[in-house]
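S.K.: Attaching a single structure in structure tokens format; questions to follow.
The values are calculated or read from the model by the stated rules, or taken from the named source; none is laboratory data. Everything numeric here is computed off the predicted structure, so don't read it as measured data. All Cβ positions, even for glycine, are placed from backbone atoms using ideal geometry, and neighbour counts span all protein chains on display.
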Amino acid sequence: MPPGSSVSEKHDCAVIIIGGGPCGLVLAIELGRRGVSTIVLEEKTSPARFPAANATQARTMEHYRRLGFAEKVRAQGLPEDYPTDIAYFTRYTKHELARFSLPSARAAREMVRTLTGSWSAAELPHRVSQMFVEDVLRAEATACPTVSIRPGWRMAAVRDTGTGVEVDAEHDGGRTTLRAAYAMGADGGSSPTRKALGYSYAGESGAVVVRQVMEAKDGEGFNALTGEYVDMFKAGILTPTKVERTALQNASEVAILLLTTDCIVVEAPKKAGAAGGHDHDHGDGGMGGMGGMGGMM
Ligand SMILES: Cc1cc2nc3c(=O)[nH]c(=O)nc-3n(C[C@H](O)[C@H](O)[C@H](O)COP(=O)(O)OP(=O)(O)OC[C@H]3O[C@@H](n4cnc5c(N)ncnc54)[C@H](O)[C@@H]3O)c2cc1C
């Protein structure tokens, strides 16, 4: 969007939001609460009922609290006294391997009042299906007089005109061109808006970097700042201090594991130089001698 775009008489609204999922709806609420005229285009005619998010995290709940409807979200989902534990079993109704105890919605309301220090928060996470959260968000957005939600309207094309945007929307078998100062693509991970405007994701693929580093010479690694594969020592990325700090950190993590574990199955260490043996000590100041868990026993 051109900076400084402003609403003119030729515009249908100030902002067109493409996509009425959680992001689009929250933006519509933020704009609507500020009296900004907004149209939300949502291609689905009715809310999706397929499974997506099943947990709303604490930070998101805090945003809902700031907007004044965290309690409406917390009232959705499981009955308020149902536990939301995560447990692992060998089979349904068979041996329980592990359990993370998590509070019910009612317990979460109580617990959050007594949290202190680094565990303090305004809201705790809430287990609820995304479709119920979206119902709350849609109702809140609809309640804003300047927000118009258009279910069944699909963005077919979007253009930057230099003084605003034009969005071609298909609905009821017809096609309408809407004009606004700004358009916002909130149309999900595969975003047709992003593709229409020719934007692509930046950054590196972790899997590609790991493969390149695995095939690189000893001491070579990825410089994330420049995007180059370099000698990590010559480039000053890997320093003796960093190696020592990492070694100490790893040692303390292994010590914690040993102190808190009842039973560990290990493999007997192989002598360096034995067939297939490889102790990762490249004599280059790396993490030689760690030798995996076997080496620690
Ligand atoms: C199985 C699963 C489990 C998940 N679990 C969690 C979880 O536990 N916690 C969590 O926080 N997140 C979870 N997520 C992620 C979460 O669902 C997404 O982060 C969230 O839906 C993103 O919201 P959004 O509004 O950006 O996009 P979306 O929810 O994808 O919404 C985009 C909207 O744009 C509409 N649209 C698309 N194209 C057009 C067009 N051309 N014109 C008009 N409208 C259009 C779509 O119909 C859709 O309604 C999960 C996702 C999945 C699939």
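S.K.: Name the residue that is nearest to the ligand (Cβ to nearest atom), counting only residues in segment 20-69 that are charged (D, E, K, R), free of Cβ contacts under 8 Å to residues at least 60 places away in the same chain and surrounded by 15 or more Cβ atoms within 10 Å (Cβ to Cβ).
M.R.: Per the stated criteria, the residue is Glu30.
S.K.: Would you call Asp85 touching a Ser or Thr at 6+ places or on another chain (Cβ under 9 Å) and either surrounded by fewer than 10 Cβ atoms within 10 Å (Cβ to Cβ) or touching a residue at least 24 places away in the same chain (Cβ under 8 Å) (or both)?
M.R.: The answer is no for Asp85.
S.K.: Looking at Ala108, is it away from the ligand (no atom under 14 Å from the Cβ) and either over 20 Å from Asp135 (Cβ atoms) or outside the structural domain of Ala139 (by TED's automatic domain parsing) (or both)?
M.R.: Yes, satisfied.
S.K.: Something else about it: Determine which member of the set Leu41, Leu25 is within 16 Å of Gln130 (Cβ to Cβ) and assigned by TED's automatic domain parsing to the domain that holds Ser148.
M.R.: Being within 16 Å of Gln130 (Cβ to Cβ) and assigned by TED's automatic domain parsing to the domain that holds Ser148 holds for just one of Leu41, Leu25, which is Leu25.
S.K.: Only residues that are within 16 Å of the ligand (Cβ to nearest atom) and in a strand (DSSP E or B): list them for segment 184-223, please.
M.R.: Result: Met184, Gly185.
S.K.: If you go through segment 238-249, how many residues are in contact (Cβ under 8 Å) with a residue 12 or more places away in the chain, surrounded by 11 or more Cβ atoms within 10 Å (Cβ to Cβ) and either closer than 19 Å to Glu215 by Cα or more than 32 Å from the chain's Cα centre (by Cα) (or both)?
M.R.: Selection size over segment 238-249: 1.
S.K.: Also, quick follow-up: Please determine whether any residue of segment 53-76 is farther than 21 Å from Gln130 by Cβ and either touching a Phe, Trp or Tyr at 6+ places or on another chain (Cβ under 8 Å) or not assigned by TED's automatic domain parsing to the domain that holds Met184 (or both).
M.R.: Within segment 53-76, not a single residue is farther than 21 Å from Gln130 by Cβ and either touching a Phe, Trp or Tyr at 6+ places or on another chain (Cβ under 8 Å) or not assigned by TED's automatic domain parsing to the domain that holds Met184 (or both).
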